[in-house]
Every structure is written in C-alpha cells, then in structure tokens.
Ligand SMILES: [Cu+2]
C-alpha cells in the first residue's frame, strides 16, 4: 500500500528531474534569419542531442509566433527544438548571455 506522502514525494522527484532535463536540453545557436511571414527561423546550431543532429545551419518552424519577436539576425541564442508533425520546431528560445 502506497501512502499519499510517498506518492507526493515521487511526483515531486519526477517534476524536479524533468525540470533539470529540460534546462540542460538547451542548445547553442546563432540566428541567421528571422522570417516572420513564413513563421520560420534560420539558426546556425551546435549539436542537438535530443534530435541526434550534428551542428549545422538550418530552417526551423517555431511553436509560437511570439518567439520570432524576441530575436534578430546575428543574435546568439539558447534554444530547444523538437520534431513536431515531422517538422523541426523551436519550442523554447532565449538570448544567450
Ligand atoms: Cu540541424
């Protein structure tokens, strides 16, 4: 029998681990082109472990249009991409410090 405290502790541990995992998933990149009409972003990126992809320059879709308002060509960024409906899509994007 699992008591409620054990269950809650397991949930908290799982959330903590997933938070750490997503933070470390951020890849390095540099913005080459922002296409607001096409809702696309061209990034020169380093290796993307989660997508098993080496560094390259390529075009990404963006999950939310607002991500395109945060950056411009030449910006160094940190980002997370996933394959969504068969398309490489940026789901998180932040300026690199
Ligand atoms: Cu790539």
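The values are calculated or read from the model by the stated rules, or taken from the named source; none is laboratory data. Predicted model, so just to flag it, every value in this text is computed and none were measured. We place every Cβ from the backbone using ideal geometry, glycine too, and count neighbours over all the protein chains shown.
Can you give me the number of residues within segment 25-57 that are in contact with a helix residue (DSSP H, G or I) (Cβ under 7 Å, 6 or more places away or on another chain) and at pLDDT 95 or above?
Matching residues across segment 25-57 total 4.
Name every residue in segment 49-63 that is closer than 16 Å to residue 26 by Cβ and within 10 Å of the ligand (Cβ to nearest atom), in order of residue number. Walk me through it before giving the result.
Here is the first cut: in segment 49-63, the ones closer than 16 Å to residue 26 by Cβ are 49-51, 53, 55, 60, 62-63.
Answer for segment 49-63, where residues must be closer than 16 Å to residue 26 by Cβ and within 10 Å of the ligand (Cβ to nearest atom): 51, 53, 55, 60.
Among the residues of segment 29-45, write down those that are under 13 Å from the mean Cα position of the chain (by Cα) and either surrounded by fewer than 15 Cβ atoms within 10 Å (Cβ to Cβ) or within 9 Å of the ligand (Cβ to nearest atom) (or both).
Passing the criteria: 43, 45.
Of all residues in segment 70-97, how many are within 14 Å of the chain's Cα centre (by Cα), part of a loop (DSSP other than H, G, I, E, B) and buried (at least 17 other Cβ atoms within 10 Å of the Cβ)?
Count: 0.
So the check is Cβ under 8 Å with 6+ separation or different chains; which pairs have a first residue in segment 43-68 that's in contact (Cβ under 8 Å) with a residue 24 or more places away in the chain and closer than 15 Å to residue 80 by Cβ and a second one that's more than 9 Å from the ligand (Cβ to nearest atom) and part of a helix (DSSP H, G or I)?
So the pair list comes out as 62/68.
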